[in-house]
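Presented below is the structure to which this report refers.
The values are calculated or read from the model by the stated rules, or taken from the named source; none is laboratory data. Everything numeric in this text was worked out from a predicted model, so none of it was measured. Backbone-built Cβ (ideal geometry, glycine too); neighbour counts: all protein chains shown. Areas reflect the complete protein model, heavy atoms only, side chains present, ligands, DNA and RNA absent. Shrake-Rupley method; radii C 1.70, N 1.55, O 1.52, S 1.80 Å.
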Amino acid sequence: MMKLVFLVLLLVIPLIMVYLALRSRMVTRLFHILALLCFYSAATVIAGDVYATNAHMTTFTTEIHQFLMNGWFLYPSAYLGVYIPYVMWRSLFSEKVNFVTDLILHFASVHCIMNI
């Protein structure tokens, strides 16, 4: 049941974001700025925990839950999880299609996923 709720939310929230972004350019910029902040926050937590793991000479797989349960990683990653579908949906609904910008945003989104 929860998987269905998550699936519906992953469809509905990005579509609501698209609707809001198409109404206001400032909202679009806010979504992008928030995504950048979330990306750097999650990446900093990962980098810090990987460094601490290597510094203590411990196995990363035994300490992975330490950063997965960190709020500074969870919440930004959750936002990125809805931001990436938002970028893809927005490219479908935008009035003028700018393939270069959409392609750059798509590759940036994929790069975010690969780093996290």
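Overview of results
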| item | result |
| --- | --- |
| Full-extension gain in nm, ILE16 to VAL50, via 0.36 nm per residue minus C-alpha separation | 8.7 nm |
| Protein-only accessible surface order, largest first, of LEU4, LEU22 at 1.4 Å | LEU4, LEU22 |
| Percentage, to the nearest whole number, of Cα pairs in the range 1-100 over 17 Å apart | 61 |
| Apportionment of accessible area to carbon and sulfur, the range 41-86, percent (1.4 Å) | 70 |
| Accessible area of VAL8 in the full protein assembly, 1.4 Å probe (Å², nearest 10) | 70 |
| Length-normalised contact order of the range 1-83 in % [C-alpha pairs under 8 Å, at least 6 apart] | 37 |
| Added length on full extension, which subtracts the Cα-Cα distance from 0.36 nm per residue, LEU92 to LEU34 | 18.7 nm |
| Most to least packed among 37-43, 53-59 [average Cβ atoms within 10 Å] | 37-43, 53-59 |
| TYR86 accessible area, assembled protein chains, probe 1.4 Å, Å² | 0 |
